[in-house]
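Some notes on the structure that comes next.
The values are calculated or read from the model by the stated rules, or taken from the named source; none is laboratory data. Just so it is clear, the structure is predicted and the values come from calculations on it, not from any experiment. Counting neighbours? That spans all protein chains shown, and the Cβs are built from the backbone with ideal geometry, glycine included.
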Amino acid sequence: MNIGVIGAGYVGLVTGTCFAEFGLNVTCVDMNESKVNLLQKGVVPFYEPGLEELMRKNINEGRLQFSGNIADTIRKSEVILIAVGTPSLEDGSADLSYVDSVAKAIAENLHSYKVIVTKSTVPVGTGERIKDIIRNINSNCEFDIVSNPEFLREGSAVEDFMRPDRIVIGSGSERASSIVRDLYRPLYIIETPFIMTDIETAEMIKYASNVFLAAKISFINEMANLCEKVGANVQIVAKAMGLDKRIGPKFLHAGPGFGGSCFPKDVRALMQIGESHGYDFKIARSIIEVNITQKNHMITKIEHALRGAGGKTIGVLGLAFKPNTNDIRESPAIHIIEGLIEIGANIRVYDPAAMDDAKAVLGNRVTYCNDAFDVATNADAIILVTEWNQFRNLQLEKLKGLLKHPVFIDLRNVYEPERMRKNGFDYYSVGRS
């Protein structure tokens with residue numbers, strides 16, 4: 001079967017590569033010519049463990065190709081996946097202009113039956129919107145719309161695609177549902193659950209899942225702040241909570257707040273979906289407020305630990321919003337750094353993958369370093385913001401010797417307070433005394 005993936009960004013490239021690994025013939029289309037040239041050479045334009053090797057394998061085996069010709073790809077594909085971006089507009093709603101453009105291109109090149117699948121995260125009603133756009137341009141064509149949301153975590157996207165928790169397929173057509181289900185045939189052997197539903201429910205499942213996970217993060221961050229005030233340990237609280245099967249242990253790790261391309265955008269979008277239908281989604285609104293407050297609280301924590309950050313040199317470990325990605329979108333680290341710069345701190349930074357991306361945002365306002373020890377050199381304090389594996393077992397004696405003052409502020413609770421204090425550090429963490 002021939003598949004066309006429109007949009008070779010994060011979702012499109014992972015999806016196209018993994019479907020090629022499933023044995024399908026895949027063409028990924030992107031309008032960015034320089035990106036297409038890179039992809040044709042087997043170069044992934046972002047950091048995602050395991051993706052480049054898998055992509056090159058499938059290029060070499062002839063199942064995966066890249067193109068800038070959207071018309072040709074639409075005509076030759078039996079299934080067309082829409083995987084373009086849906087960034088936030090000023091009011092928080094999803095910008096569907098890229099989705100609309102793809103729908104128009106499909107309509108102009110539709111000459112035989114196609115299954116059109118939305119992989120992009122889109123608000124409820126987008127399936128009908130795509131259908132209307134196509135019908136208004138090409139009233140005689142035959143097609144079906146399917147919503148097949150993605151649940152890929154940055155840093156583990158290949159594994160998430162190959163071993164998903166579930167596959168959601170929303171459609172009003174049994175024919176289209178069967179075709180899309182068949183794309184995932186290799187997952188039958190591992191008994192992956194399939195949720196077969198209507199388009200609107202499938203569109204809502206994606207938002208409901210992400211906003212609930214964001215709520216868990218915000219809840220445990222608020223608990224951490226309260227634990228600090230009453231002398232409790234949030235890690236033990238979270239562990240005990242997570243042992244309750246109704247709650248589960250994931251996303252109960254206190255820290256500096258969430259970021260990335262999905263959670264902030266999707267929380268805002270769900271709130272806007274509610275408003276557009278006359279409903280005030282109060283939990284979504286609170287999640288946004290708590291997350292902003294948490295990032296700002298980290299700046300206050302750092303100021304308190306240093307008895308004022310103005311004029312101090314501070315080393316920051318981690319710039320990406322999470323490990324195993326170079327994505328700095330709405331990263332807590334960037335927010336904290338910019339806040340510290342505003343109050344007059346001098347910042348030294350290092351991240352294993354996100355340095356170039358950070359330079360585009362931070363410019364020459366910070367000093368870029370080669371590793372964790374370079375960051376610590378002559379700094380008044382070191383702050384661990386992103387829990388990359390290489391930051392989990394630092395040579396503490398060497399690190400302390402490089403710092404002007406042995407202040408270690410651990411915003412991810414990677415280290416044990418007793419161990420750090422035994423090693424001579426003034427140690428601060430989140431939700432622990």
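Here the range 93-104 is the region considered, the condition is being touching a residue at least 40 places away in the same chain (Cβ under 8 Å) and crowded, with 20+ Cβ neighbours inside 10 Å, and the residue that is farthest from LEU183 (Cα to Cα) is ALA94.
Out of curiosity, is ILE314 assigned by TED's automatic domain parsing to the domain that holds ALA379, touching a residue at least 40 places away in the same chain (Cβ under 8 Å) and over 22 Å from CYS262 (Cβ atoms)?
Numbers: assigned by TED's automatic domain parsing to the domain that holds ALA379: yes; touching a residue at least 40 places away in the same chain (Cβ under 8 Å): yes; over 22 Å from CYS262 (Cβ atoms): yes.
Yes.
One residue stands out among those in the range 54-89 that are surrounded by fewer than 16 Cβ atoms within 10 Å (Cβ to Cβ) and of a type in the set (A, V, I, L, M, F, W, C): the one that is nearest to the chain's Cα centre (by Cα), which is LEU89.
To keep it simple, each residue is scored yes or no on (1) modelled with pLDDT under 95; (2) surrounded by fewer than 23 Cβ atoms within 10 Å (Cβ to Cβ); (3) within 17 Å of GLU387 (Cβ to Cβ); (4) among the small types (Gly, Ala, Ser).
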residue: PHE251; (1), (2), (3), (4): no, yes, yes, no
residue: GLU289; (1), (2), (3), (4): no, yes, no, no
residue: ILE292; (1), (2), (3), (4): no, yes, no, no
residue: LEU319; (1), (2), (3), (4): no, no, yes, no
residue: GLY344; (1), (2), (3), (4): no, yes, no, yes
residue: ALA354; (1), (2), (3), (4): no, no, yes, yes
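In summary, helices (runs of 4 or more DSSP H) completely within the range 327-422 and bearing 1 or more residues that are of a type in the set (Gly, Ala, Ser) occur at 332-342, 355-362, 372-376, 396-402.
Can you name the residue in the range 145-155 that is among the charged types (D, E, K, R) and surrounded by 20 or more Cβ atoms within 10 Å (Cβ to Cβ) and is also nearest to SER77 (Cα to Cα) among such residues? Steps first, answer last, please.
First, the residues of the range 145-155 that are among the charged types (D, E, K, R): 150, 153-154.
Within this subset, residues satisfying the condition of being surrounded by 20 or more Cβ atoms within 10 Å (Cβ to Cβ) are 150, 154.
Working: GLU150: 20, GLU154: 28 Å.
Applying the filter and picking the extreme gives GLU150.
Taking the criterion of being free of Cβ contacts under 8 Å to residues at least 24 places away in the same chain and touching a strand residue (DSSP E or B) at 6+ places or on another chain (Cβ under 9 Å), the residues of the range 342-383 that qualify are LYS359, THR367, TYR368, ASN370, ASP371.
Applying the condition of being of a type in the set (S, T, N, Q), out of contact with any Lys or Arg (no Cβ under 9 Å at 6 or more places or on another chain) and over 15 Å from ILE220 (Cα atoms) to the range 255-287 and asking which residue is surrounded by the fewest Cβ atoms within 10 Å (Cβ to Cβ) yields SER276. Counted as qualifying within the range 122-199 are the strands (runs of 3 or more DSSP E) with 2 or more residues that are under 21 Å from LEU24 (Cα atoms), namely 143-147, 167-170. For the range 275-325, a residue qualifies if it is outside any helix (DSSP H, G or I) and among the acidic types (Asp, Glu), and exactly one does: ASP280.
When the residues of the range 193-238 are filtered to those that are among the basic types (Lys, Arg) and under 23 Å from the mean Cα position of the chain (by Cα), the one that is farthest from GLY431 (Cα to Cα) is LYS206.
Contact map, the range 159-179: residues that are free of Cβ contacts under 8 Å to residues at least 12 places away in the same chain paired with residues that are in a helix (DSSP H, G or I), Cβ distance under 9 Å, separation 6+ or inter-chain. Pairs shown: ASP160/VAL14. Restricting the first residue to the range 43-61 and requiring it to be not assigned by TED's automatic domain parsing to the domain that holds TRP388 and part of a helix (DSSP H, G or I), which pairs with a second residue that is surrounded by fewer than 19 Cβ atoms within 10 Å (Cβ to Cβ) and not β-branched (Val, Ile, Thr) meet a Cβ separation below 6 Å and a spacing of at least six or different chains? These pairs meet every condition: ARG56/GLY42; ILE59/GLY42. For the range 226-275, the set of residues classified as of a type in the set (S, T, N, Q) and over 23 Å from TYR10 (Cα atoms) consists of ASN233, GLN235, GLN272, listed by residue number. Residue-level check: of (1) of a type outside the set (Asp, Glu); (2) farther than 19 Å from GLY155 by Cα; (3) under 18 Å from the mean Cα position of the chain (by Cα), LYS245 misses just (3).
Being more than 23 Å from THR15 (Cα to Cα), in contact with a helix residue (DSSP H, G or I) (Cβ under 8 Å, 6 or more places away or on another chain) and of a type in the set (A, V, I, L, M, F, W, C), is that true of even one residue in the range 84-97?
Kept after step one, since they are more than 23 Å from THR15 (Cα to Cα), are these residues of the range 84-97: 89-93.
Remaining after also requiring in contact with a helix residue (DSSP H, G or I) (Cβ under 8 Å, 6 or more places away or on another chain): 91-93.
Okay, now just the ones that are also of a type in the set (A, V, I, L, M, F, W, C), so none.
So far as the range 84-97 goes, no, none of its residues is more than 23 Å from THR15 (Cα to Cα), in contact with a helix residue (DSSP H, G or I) (Cβ under 8 Å, 6 or more places away or on another chain) and of a type in the set (A, V, I, L, M, F, W, C).
Determine which member of the set ALA353, ALA372 is within 22 Å of the chain's Cα centre (by Cα) and of a type in the set (Gly, Ala, Ser). Only one candidate qualifies: ALA353. As for the range 322-331, it holds no residue that is farther than 16 Å from ALA214 by Cβ and out of contact with any Phe, Trp or Tyr (no Cβ under 9 Å at 6 or more places or on another chain).
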